[in-house]
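Contents: one structure, followed by commentary.
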Amino acid sequence: KEQTTALDGVVVVGYGTVKKSDLTGSVGEVNMKDLAKAPVATMEQALAGRIAGVQVSSDEGQPGGGMNIVIRGGNSLTQSNSPLYVIDGFPVEDAISSVLNPKDIESVTVLKDASATAIYGSRGANGVIVVETKKGKIGLPVLSYDGSIGFQDVTNKMDLMSAYDFVKYQLEINPAIATSTYLTGPNRVLEDYYQIKPIDWQDKMFGLAPLQIHNLSLSGGTDQTKYSISGSIFDQEGVIVNSGYNRYQGRFLLDQRINKKLRLFVNLNTSSEKSYGQPVSSSRSTSGQAYSTYLMYQIWGYRPIPTEGTDLEENPIDESANDSRFNPYLSAKNEIRKQTTSTLFANARINYSISKNFDLA
């Protein structure tokens, strides 16, 4: 059945608006109520799976990792397939989602076909994402807070050998070395390892990671002045030890009417980000493997059974087993790999009303 209310809705397209009933191009709209429920750091993460033809993927899969958006498939084999972002009427070549709090977004419209090229030229060849942020409204000041707390955990771990199976396997590989290593105690036999619990390095490396988000905003205005001030804190620990991401973001928007024909718009967005931990896709210079592959091989292959008088968890190298590899847990725990990024996105414009239907900006 025809839904008159939906057809009468207004969609932000290009530099103006159009009724849905008059819309001829392929345009996707995001349900902002569903987007506001998503406990995510960036707008790209919130868009995942919400619009047909829009593919969202992660570069790293770790806290603070970048996101890739491809609209209706890639158009180039060698160049970027990222769409053009238009934030409050200002085109931006690269995504600056780090300074945009998803809670500050009023609407998101995705232009998916050639009509985007007709409006924005070649920059819109990969599609256009039009973002309108929340503005101040006439009325008393409105103070609002929104927050959420959650936890993340590894859902699947490898089943590793028991202590008995591990020692039995070592005896089959090299009976002489295994006997001198694991059966040197008084009356120690293989069956004694049924009662010994091995070290599961996965439990050491992975942990329950908290995630907390806090958003605070103040908005209001009069016929002459409308304003909106907001700030957010995003703090996420990684499931891998010594990894995580946090961000402090602030925003100030002013809509000032100077006279009947002249208006001033000021929009300031700033953020400070810090991510720590080894990027999982970075390669190891010695082996050429991705760090995630290298790390998991180290965890699964490190000896789980300590010998008499040794402490595997605190020793950086397992000398008793002639293993020259560094303890993977201590390595990840003590690495210092931090990246700090500060971003400022600011724009301003003056609108002069020449006529009822024509403005000069």
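The values are calculated or read from the model by the stated rules, or taken from the named source; none is laboratory data. Being a predicted model, the structure only gives us computed values, none of them experimental. So basically every Cβ, Gly included, is an ideal-geometry build from the backbone, and we count neighbours across all protein chains shown. With ligands, DNA and RNA removed, areas are computed over all heavy atoms of the protein, side chains included. Shrake-Rupley method; radii C 1.70, N 1.55, O 1.52, S 1.80 Å.
Multiplying each eigenvalue of the alpha-carbon gyration tensor of the chain by 5 and taking the square root yields semi-axes of 56, 22, 18 Å, largest first, rounded to whole angstroms. Taking θ as phi - 60° and the Karplus parameters 6.51, -1.76 and 1.60, the scalar couplings of the stretch 174-189 work out to 8, x, 5, 5, 5, 5, 6, 8, 10, 10, 8, x, x, 6, 7, 10 Hz in sequence order, x denoting glycine and proline. For LYS157, the lysines whose Cα falls under 22 Å of its own Cα, not counting residues fewer than eight places away in the same chain, are LYS197, LYS204, LYS333.
For the stretch 206-214, putting each phi into the Karplus relation 6.51 cos²θ - 1.76 cosθ + 1.60 with θ = phi - 60° gives couplings of 9, x, 6, 10, x, 9, 9, 10, 10 Hz, in residue order, rounded to whole numbers and with x for Gly and Pro.
How much length is gained on full extension from ALA346 to ASN259, taking 0.36 nm per residue of separation minus their Cα-Cα distance?
Working: separation 87, 0.36 × 87 = 31.32 nm, distance 2.37 nm.
Result: 28.9 nm gained on full extension.
MET161 contributes about 90 Å² of solvent-accessible surface, heavy atoms of the protein only, 1.4 Å probe. Of LYS226, LYS356, LYS134, LYS112, the order by accessible heavy-atom surface (1.4 Å probe, DNA, RNA and ligands excluded), from most exposed downward, is LYS356, LYS134, LYS226, LYS112. The 3J(HN,Hα) values that the Karplus relation (6.51, -1.76, 1.60; θ = phi - 60°) gives for the stretch 242-255 are, in residue order, 6, 9, x, 7, 9, 8, 10, 10, x, 8, 9, 10, 10, 10 Hz. Gly and Pro appear as x.
Modelled label positions at THR222 and LEU190, each set 7 Å beyond Cα in the direction of Cβ, lie 8.9 nm from each other.
Relative contact order, whole percent, for the stretch 51-114 stands at 21, derived from Cα pairs under 8 Å and 6 or more residues apart.
I need the Debye-formula profile for the stretch 121-169: one equal scatterer per C-alpha, no solvent, reported as log10 I(q)/I(0) at q = 0.15, 0.23, 0.24, 0.26 1/Å, two decimals. Values, matching the q order: -0.84, -0.97, -1.00, -1.08. Within the straight-line cut-off of under 14 Å between alpha carbons, the aspartates and glutamates reachable from LYS135 are ASP88, ASP104, GLU106, ASP223, ASP255, sequence neighbours fewer than 8 places apart in one chain being disregarded.
For the chain, the 222 nm mean residue ellipticity estimated from helices alone, with every DSSP H stretch of n ≥ 4 adding -39500 (n - 2.57) and the total spread over all residues, rounds to -4500 deg cm²/dmol.
The Kirkwood hydrodynamic radius of the stretch 43-184, based on inverse pair distances between different Cα atoms, is 19.8 Å. Could you tell me how many degrees, from 0 to 90 and to the nearest 10, lie between the Cα long axis of helix 163-173 and the main elongation axis, the longest principal axis, of the Cα atoms of the chain? So the inclination is approximately 60 degrees. Positive contributions from Lys and Arg (+1) and negative ones from Asp and Glu (-1), summed over other residues with Cβ under 12 Å from the Cβ of SER107, come out at -2.
Got a sec? What order do THR341, THR133 fall in by accessible area at 1.4 Å, biggest, i.e. largest, first?
Working: THR341 50, THR133 5 Å².
My answer, sorted largest first, is THR341, THR133.
For ARG72, the accessible area of its heavy atoms, probed at 1.4 Å with every protein chain present, is near 140 square angstrom.
Per q in 0.15, 0.23, 0.31 Å⁻¹, report the Debye log10 I(q)/I(0) for the stretch 33-83, using one uniform scatterer on each alpha carbon and no solvent. Evaluating at q = 0.15, 0.23, 0.31 Å⁻¹ gives log10 I(q)/I(0) of -0.44, -0.92, -1.24.
Counted without the sites themselves, the longest stretch of the chain free of GluC sites (Glu not before Pro) in a DSSP loop having at most 12 other beta carbon atoms within 10 Å is 94-307.
Amide H contacts of THR133: ASP88, GLU106, each under 5 Å away and 5 or more positions distant or on a separate chain (H built 1.01 Å from N in the peptide plane; Pro and chain starts excluded).
Shape analysis of the stretch 145-243 yields a ratio of the Cα radius of gyration to the Kirkwood radius, Rg/Rh, of 1.45.
Using a 1.4 angstrom probe, figure out how much accessible area the stretch 90-146 has per residue, in square angstrom, rounded to the nearest whole.
Numbers: 2670 Å² over 57 residues.
Computed with neighbouring chains in place, this is 47 Å² per residue.
Short-range pairs are left out: with C-alpha atoms under 8 Å and at least six residues apart, the relative contact order of the stretch 86-166 is 31 percent. A cut-off of 5 Å between modelled amide H atoms, ignoring neighbours fewer than 5 places along the same chain, links ASP113 with SER26. The stretch between PHE90 and GLU319, if pulled fully straight at 0.36 nm per residue, gains 76.3 nm over its current Cα-Cα span.
If the segment from TYR248 to GLU132 were pulled out straight at 0.36 nm per residue, it would be longer than the present Cα-Cα gap by 39.7 nm. Between ASN75 and LEU143, the modelled label-to-label distance comes to 4.7 nm, taking each label 7 Å out from Cα in the direction of the beta carbon.
Relative contact order of the chain, taken over Cα pairs closer than 8 Å and 6 or more residues apart, is 14 percent. The simple Förster model, with R0 at 25 Å and r as the Cβ-Cβ distance, assigns SER162 and LEU208 a FRET efficiency of 0.55.
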